[in-house]
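Data first, discussion second: the structure below is written as structure tokens.
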Amino acid sequence: MNLIELIIDENEDMQGVEAISVVESPAIESDFVALKSEEIKLAEINKEKRILMGAVLIPEKPIYRRNGEDEYYIYFSKDTVVKASQLFLKNGNQGNSTLEHSKVIEGLTVVESWIVEDLTKDKSALYNLNVPLGTWMASIKVDNDEIWNDYVKTGKVKGFSLEGHFADQLEKKKELSKVLTEEEELIEKIKEIILKTELESYTDYPDAVSNNAKRGIELNEKNGNKCATQVGKVRAQQLANKEPISEETIKRMFSYLSRAKEYYNENDTEACGTISYLLWGGDSALSWAERKLEQITKA
């Protein structure tokens, strides 16, 4: 599986980060970049002034991508992370924000932006965010009452995710007809082995889970796609396509389905509670997730 570096090509227009989204969990769309669930964490550094702090982008972190049948990982170097943070402010994008990558929202402004250069002295350490060196951090002022009261205070959003456009370093290498040396090829193979070890995923969920997700997608389309968050819609696509899901995703599925089950009514196919429950795999997914987590814990 390819490990592709995304870069900022200064010869191309519209490169870099255009907006920061507040999200519940990682997004997987091609133009969105999000942290793993265990890395998503916000600190309320000033509740009175409504300021949130969190990591925007972590360097050298592999991020899973799927484009049709092609599976690969992307990552950003420390230099690209620095360049992205600088261009974000240089281009005047500090007021560009979205909710779950699907809704443009007003009243959120980046008031601080910096790169972590010292793990013990950095401001992020003061709030126990525990991010690696080279991480792009940001503090965002929330002047939007709806976002603050309905999403931040209720815990519906738990971190930042970025939106932007980057160049594909692999394609750049192809354009330049660069041939890897034996040493570089060995390094790439080692990276792939590490990725496979660190990013274990599962595809052994029942067909009923996929069928429920497909049913949810069908019902939602008939309902004008007004039900579920972007996260739920993305999760449905994963399950419907039998894509691999991580242990963290399984935990999230079990947590959500356990709460949402009471809103499911198989006789009311227009209700958002029913549709959302099916998008996440329904009863079959709830039973499988519970069994799978027990199996993983005992392993």
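Worth pointing out:
- Taking the numbered list (1) exposed (fewer than 15 other Cβ atoms within 10 Å of the Cβ); (2) at pLDDT 85 or above in turn, Ile194 passes all entries but (2).
- Within segment 105-113, at least one residue is small (Gly, Ala, Ser) and at pLDDT 90 or above.
- Residue pairs whose Cβ atoms lie under 6 Å apart, separated by 6 or more positions or on different chains, with the first residue in segment 105-131 and in the same structural domain as Asp145 (by TED's automatic domain parsing) and the second in a loop (DSSP other than H, G, I, E, B) and surrounded by fewer than 16 Cβ atoms within 10 Å (Cβ to Cβ), are Gly107/Asp143; Thr109/Gly95; Val116/Leu133.
- Check on Trp148, modelled with pLDDT of 90 or more and over 14 Å from Ala19 (Cα atoms): no
- All conditions but one from (1) polar (S, T, N, Q); (2) surrounded by 13 or more Cβ atoms within 10 Å (Cβ to Cβ); (3) at pLDDT 90 or above apply to Thr229; the one that does not is (3).
The values are calculated or read from the model by the stated rules, or taken from the named source; none is laboratory data. In this text, all values refer to a predicted model and were calculated from it rather than measured experimentally. Note that we place each Cβ from the backbone using ideal geometry, even for glycine, and neighbour counts take in every protein chain shown.
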